[in-house]
Amino acid sequence: MSTTAVTQAAAVSLAGVSKVYGRGGSAVRALDQLSLTVAPGEFTCLIGASGCGKSTLLSLVAGLDTPTSGDIAVRGRVALMFQEPGLFPWLTAGANVELALRARKVPRAERKARAAELLDAVRLRGFAAKRPHELSGGMRQRVALARALAQDADVLLMDEPFGALDAMTRDLLHDELDRVRERVGRGLTVLFVTHNVREAVRLGDRVVLLSSRPGRVIEEYPVPAGRPRRIDSAAVAELASVITDRLRAEVSRHGS
Amino acid sequence: MAADTTLAGLDALELAPAPGGMSASERARRAWAVAWPKLAAVALVWLTWELIHLTGWKKYVLPGPGVTVSNLWEQAKTGLLWHATGDTVLRALTGYAAALVIGTVVGLLVARVPPLRAAVGSLITGLQTLPSAAWIPFAIILFGLTYAAIVFIIVMAAAPSIANAVISGVDYIPPLLLKSGKVIGLRGPSLTWHLIMPAALPTFVAGLKQAWSFTWHALLTAELLVLVAGEPSIGQLFSADQDQTDMPATIAIMMVILVLGIAVDAAFGAANAAIRKRWGLT
C-alpha cells in the first residue's frame with residue numbers, strides 16, 4: 001500500500017476533500033476534490049483569490065469543521081493563528097500564553113517560566129504583564145504566535161496572520177517567523193494562507209495556487225530562492241510575477 | 001541594522017508613552033469637577049421643595065425640607081433607624097447572594113445547553129416581568145411571616161434578571177474568542193471557567209446592577225406586607241409612619257433609601273469602570 005506509506009510520512013495530507021455549505025439550491029461548494037500533501041518541516045503557502053476556500057481548508061485541518069467528503073490526516077498536534085490575534089482581553093500577555101500551556105496540562109510550576117521563554121522567543125521579554133490593549137497590532141500578533149507555539153504543535157496553521165499589519169511590521173515579522181522556526185528547531189510544519197503573492201514567495205518552500213468557487217489546487221510552485229530571503233529581492237519578485245499572472249488569469253475566468 | 005533592534009525600535013515607537021502620575025491639585029480639581037454638579041442638583045431640589053412648601057400647597061401634610069431633615073437627624077440619633085436599616089440591608093444582601101448563585105448557575109446552563117434554552121429561555125423572561133407583589137401570597141402561605149419568605153420573594157424577583165444577564169453575556173462573546181479558546185484546547189468545564197465566564201463578565205455586571213434594583217423593589221414591597229415579629233425593618237418603619245400619618249418621618253426614610261441606592265450605584269459604577277479599564281474599553 002504505497003498510498004498509506006505516503007500518508008504516514010506526510011505531516012498533513014488531504015485526499016479528495018470537498019466541503020459544501022448549505023443544502024439544495026443554495027448550497028455553496030467551498031472546496032472541490034482538493035488533494036494536497038505537506039511534508040514534515042515544510043513551509044507551504046496557499047494562495048488564491050476570494051472564494052477559494054482557504055480559510056475553510058485551515059478550519060478543516062484544525063478539526064474545527066468536518067469535510068463533506070474526502071480524508072484529512074494530520075500527524076501531531078495542530079495550532080491555528082488568525083488574522084486577528086484573538087487574545088483574551090481580561091488576561092495579560094503572559095497569562096494568555098500560560099492559559100494555552102494550562103490547556104495542555106503543563107504543570108503549574110513550569111508554566112510561568114515556559115511562558116516567559118516563549119515571549120522571549122518572539123522578542124517580547126518584559127511585556128508579560130501588559131494587557132493586549134496596551135500592545136501594538138504587531139506585538140499582539142507576536143503574543144498570538146507565542147500562544148500558538150505554547151501548544152507545542154507539530155503543524156502551525158496560519159490564516160493571513162499578517163494581513164492586518166502595516167508593511168514595515170509585516171516585513172519584520174516575516175524575519176521573525178523564519179527565526180522562530182529555526183529556534184523551535186524540530187521542523188515546524190507551516191500551512192500559511194495569504195492573498196499576498198510576494199508574502200507567499202518570501203515565506204514558503206512551496207506556493208500552492210487555488211482556484212476560486214470551488215477551491216481546488218490548480219498549480220504548485222516550488223520556491224528555489226535560498227534563505228534568508230528578502231521580500232524585495234529579484235528572485236522573489238520574479239516568481240511572484242509569474243504566480244500573479246496565473247492568479248489573474250484564474251480571476252478573469254469568473255468575469256467573463 | 002540588525003533585525004532585532006529594528007523590531008525593538010518599532011515596538012517602542014508604537015507604544016504610547018506611560019501616563020505620568022496626577023498631582024494633588026489636579027486630583028482635587030477633578031474631584032471638584034465631579035462633585036459640584038451633584039451638590040448643585042441637591043441645592044436645586046431643596047430650593048424647589050422649599051418654594052412648594054412656601055406656597056402653602058397641602059401645608060398640613062407636606063413638611064418643608066428643614067423639618068424633614070431635622071426629623072432624619074432625630075431618628076438617626078435613636079438606635080431604631082440604624083437597626084431597621086441594618087436588618088433591611090442584610091435581607092437585601094442575603095436575597096441578592098442567593099439570587100446571584102441560582103441565577104448564574106441557571107443562566108450558564110440555559111446558555112450552554114440548547115434544549116434547555118428552548119425549554120425555559122422564554123420562561124425566564126416571563127418570570128422577570130412578573131411583579132414581585134404577585135409572589136407575596138405564595139411566599140406567605142409557603143413560609144409564613146418569616147425571613148425566609150422575604151428572601152424567597154427577592155430571589156424570585158432578582159434571579160431571572162441575573163440569569164438573563166448571563167445568557168446575553170454568553171451570547172455576545174465575540175466568536176473569535178470562542179474559536180481561539182477551542183484552538184488552544186479549552187473544553188468543557190475549563191472552557192466555561194477560563195473563557196465563557198470572564199468573556200461574559202462586562203454584560204453580566206450590567207445585569208447585576210439591574211438585578212440589584214429588582215432586589216430592592218421586591219424587598220420593600222415584601223417588607224410592607226411581610227412583617228416579621230421582632231425584626232425592625234425599613235418597611236416596618238414605613239408602616240408605622242403611615243399609621244401615624246407622620247410625613248416628615250416617611251420622607252426621611254425615603255431619603256435613607258435614596259442614599260443607599262446611590263451608594264450601591266456608585267459601587268457598581270466603580271466595578272464597571274475597573275472592568276472596562278482592564279479590557280481596554282476606555
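Read the figures in this text as sums done on the coordinates, not as results from a lab. Values in this document were obtained by computation on a predicted structure and should not be read as measured data. Every residue, glycine as well, gets a Cβ built from its backbone with ideal geometry; the counts of neighbours run over all protein chains shown.
Of the peptides A:120-128, B:113-121, how do they stack up when ordered by the mean number of other Cβ atoms within 10 Å, highest first?
Ranking, from highest mean packing down: A:120-128, B:113-121.
Tell me, how many Å apart are the Cα centres for region B:45-111 and for region A:212-243?
Each part's Cα centre sits 73 Å from the other's.
Normalised by the residues of region B:160-282, what does the relative contact order come to in percent, with Cα pairs under 8 Å and at least six apart?
26
So what's the net charge close to A:Leu87: Lys and Arg +1, Asp and Glu -1, counting the other residues with Cβ under 10 Å from its Cβ?
Spelling it out: positives minus negatives among the neighbours equals +2.
May I ask you to derive the relative contact order of chain A, considering only C-alpha pairs under 8 Å and at least 6 residues apart, and to give it as an integer percent?
26
Could you work out the mean count of beta carbons from other protein chains within 10 Å of each residue's beta carbon in B:157-168?
Mean shielding count: 0.
Per 0.36 nm of contour for each residue apart, how much would the distance between B:Thr192 and B:Ser25 grow if the chain were fully extended, relative to their Cα-Cα spacing?
That pair, B:Thr192 and B:Ser25, stretches by 55.6 nm at full extension.
Using only the alpha-carbon atoms, how far is helix B:247-279 inclined from the longest principal axis of chain B? Give it as 0 to 90 degrees, nearest 10.
0
If packing is taken as the mean number of other Cβ atoms within 10 Å per residue, what is the order of B:76-86, A:175-185, highest first?
A:175-185, B:76-86
What is the average number of partner chain Cβ atoms found within 10 Å of a Cβ in A:54-66?
Partner Cβ neighbours, averaged per residue: 1.
Between region B:233-282 and region A:142-189, what is the separation of their alpha carbon centroids in Å?
Each part's Cα centre sits 54 Å from the other's.
Which aspartates and glutamates, on any chain, are close to B:Lys277 with Cα under 15 Å apart, when same-chain ones fewer than 8 places away are left out?
Within the straight-line limit of under 15 Å, B:Lys277 reaches these aspartates and glutamates: A:Glu134.
Just need the relative contact order of chain B here, percent rounded to a whole number, with Cα pairs under 8 Å and 6+ apart.
22
Is region B:1-110 best put as rounded, prolate or oblate by its Cα gyration tensor, with a ≥ b ≥ c the root eigenvalues, rounded for a/c under 1.5, and otherwise prolate when a/b is larger than b/c, oblate when not?
It comes out oblate by the Cα gyration axes.
Arrange A:Glu84, B:Glu74 by Cβ neighbour counts within 10 Å, fewest through most, would you?
B:Glu74, A:Glu84
Looking at the square roots a ≥ b ≥ c of the eigenvalues of the Cα gyration tensor of chain B, which shape do they give, rounded for a/c under 1.5, prolate if a/b is larger than b/c, or oblate?
Because a/c hits 1.5 or more and a/b fails to exceed b/c, chain B counts as oblate.
Calculated from DSSP H runs of 4 or more alone, at -39500 (n - 2.57) each and per residue, what is the 222 nm mean residue ellipticity of the protein assembly as shown, nearest 500?
-20000 deg cm²/dmol
Got a sec? How would B:Asp171, A:Asp154 order by Cβ neighbour count within 10 Å, fewest to most?
Going from sparsest to densest Cβ surroundings: B:Asp171, A:Asp154.
Sketch the reach of a paramagnetic label on A:Ser26 as a point 7 Å from Cα along Cα-to-Cβ, and name the residues of region B:166-208 whose backbone nitrogen lies under 11 Å away.
Answer for region B:166-208: none.
Could you work out the mean count of beta carbons from other protein chains within 10 Å of each residue's beta carbon in B:110-121?
0
Report the calculated FRET efficiency for B:Lys38 and B:Phe268 (r = Cβ-Cβ distance, R0 = 22 Å), to the nearest 0.05.
0.85
Where the only charges are on Cβ atoms (+1 Lys, Arg; -1 Asp, Glu), what is the dipole of region A:1-158 about its Cα centre, to the nearest 20 debye?
With only Lys, Arg, Asp and Glu charged at Cβ, the dipole is about 560 debye.
What are the trypsin sites (Lys or Arg not before Pro) within region B:126-188 that DSSP puts in a loop, where the Cβ has at most 16 other Cβ atoms within 10 Å?
B:Arg187
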